[in-house]
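In what follows, a single structure is set out as structure tokens and then discussed.
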Amino acid sequence: MGDLIRVGIAGVGAYAPERAMHNSELEKLVETSDEWIQQRTGIRSRRIAAPDEAASDLAREASLRALAEGDISPEEVDLIICATVSGDQPFPATACRIGADIGATRAGGWDLGAACSGWVFGAQVAAQFIATGTYKCVLVVGVEKLSSIVDYQNRETCVLFGDGAGATVFTPYERAQRAEYLGGSTCMEGAQEDVLMVPGGGSRHPASHETIEQRLHYIHMGGKKVYRFAVKTLADLVKTSVEPYGWDELGLVVPHQVNLRIIESAAERIDLPMEKVYTNIQSFGNTSAASVPLALNEAMEAGKLEKGKLVCMPAFGAGMAWGHVLVRW
Ligand SMILES: CC(C)(COP(=O)(O)OP(=O)(O)OC[C@H]1O[C@@H](n2cnc3c(N)ncnc32)[C@H](O)[C@@H]1OP(=O)(O)O)[C@@H](O)C(=O)NCCC(=O)NCCS
């Protein structure tokens, strides 16, 4: 293995289903109100996939858009990492379907299950493969059809989550000519399943009539614990990754879109003005692994990513697992 190769993000793309589910619709399903949801989470609506639309369908569109944006053909893709907790099925990997659907005839691939930190972890794996020269083109797609695992009888969770996909193509910097990968982190504190999980359908509680009756195939969450953990983690990740470069270097923080109040509290904690933080949770909700690349794509399209400035992308979620990716756009 020779010298490490500089890594960049050559393509970014996203896709969200057409149907927007507004808070008013949830008012008809559970005892909640538009006012409560907006006040506590900042969310006004979220996108919901059609019944016949699977995670791979969302991922296909996002991936094709990212490849087009980077002027890269599907045959060039060496590896597909699909970050998701709501893939098409437990196995085979959703990445295999995505590869076939986009025509990535040479690519290998697999799924990465790290919930809301999925894309951030996948991006770091991609960067290692490019940096070592093993691969020249790695597609990392974060995708979720969370509406398939959300309990629309549980007001504590159903208001939070949405569907979507975001994709990024990692190549040597020489090709990308932007978004140089500077580093990242992957952290974990285990044995916290009760904080955020789908309890049923795995080897601990295999699918049965009982798991269905007990609604164990849906997302279960201990909201308050996530809240406290998320504020501190988001603030620490941004502070420790940006500070060594100097705050003047920071262009934008594109955080996991967990909850607007959490993001605002974290920014306040480190005196970061909200102009430096990109949010789109208002219209997408929390889309777990899709949230960071979906927001990154929007920020890019809105012209908010300044050439030469740092873009910090922190994420955290079930596991608990958290980390960040830092690039110089
Ligand atoms: C879930 C969350 C929005 C709740 O907000 P909160 O400010 O902590 O809510 P509070 O504790 O002040 O209020 C809870 C009360 O609201 C009720 N409540 C919960 N969801 C509600 C809803 N959708 N509508 C109306 N009331 C609701 C609860 O039942 C509880 O009632 P009680 O006090 O009678 O028991 C918040 O904790 C949160 O966002 N946590 C993080 C969750 C998350 O993002 N998870 C994904 C991480 S990747």
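Computed from the coordinates by the stated procedures, all read-outs in this text should not be read as laboratory data. The structure displayed is predicted, hence computed values, not measured ones. All Cβ positions, glycine included, derive from the backbone under ideal geometry; neighbour counts span all protein chains shown.
Computed quantities for the displayed model
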{"read-out": "Given (1) in contact with an Asp or Glu (Cβ under 8 Å, 6 or more places away or on another chain); (2) free of Cβ contacts under 8 Å to residues at least 60 places away in the same chain, index of the condition ASP271 fails", "value": "(1)"}
{"read-out": "Contacts under 6 angstrom Cβ, first residue in the range 14-36 being closer than 30 Å to ALA59 by Cβ, partner away from the ligand (no atom under 13 Å from the Cβ) and of a type in the set (Asp, Glu), 6 or more apart", "value": "TYR15/GLU61; PRO17/ASP163"}
{"read-out": "Any hit, the range 161-177, residues being more than 16 Å from the ligand (Cβ to nearest atom) and aromatic (Phe, Trp, Tyr)", "value": "yes"}
{"read-out": "Candidates VAL226, VAL238, VAL258, VAL254, filtered to the one that is surrounded by 20 or more Cβ atoms within 10 Å (Cβ to Cβ), more than 16 Å from the ligand (Cβ to nearest atom), on the phi < 0 side of the Ramachandran plot and of a type outside the set (Asp, Glu)", "value": "VAL238"}
{"read-out": "Residue within the range 156-173 that is out of contact with any helix residue (DSSP H, G or I) (no Cβ under 7 Å at 6 or more places or on another chain) and of a type in the set (D, E, K, R) present", "value": "no"}
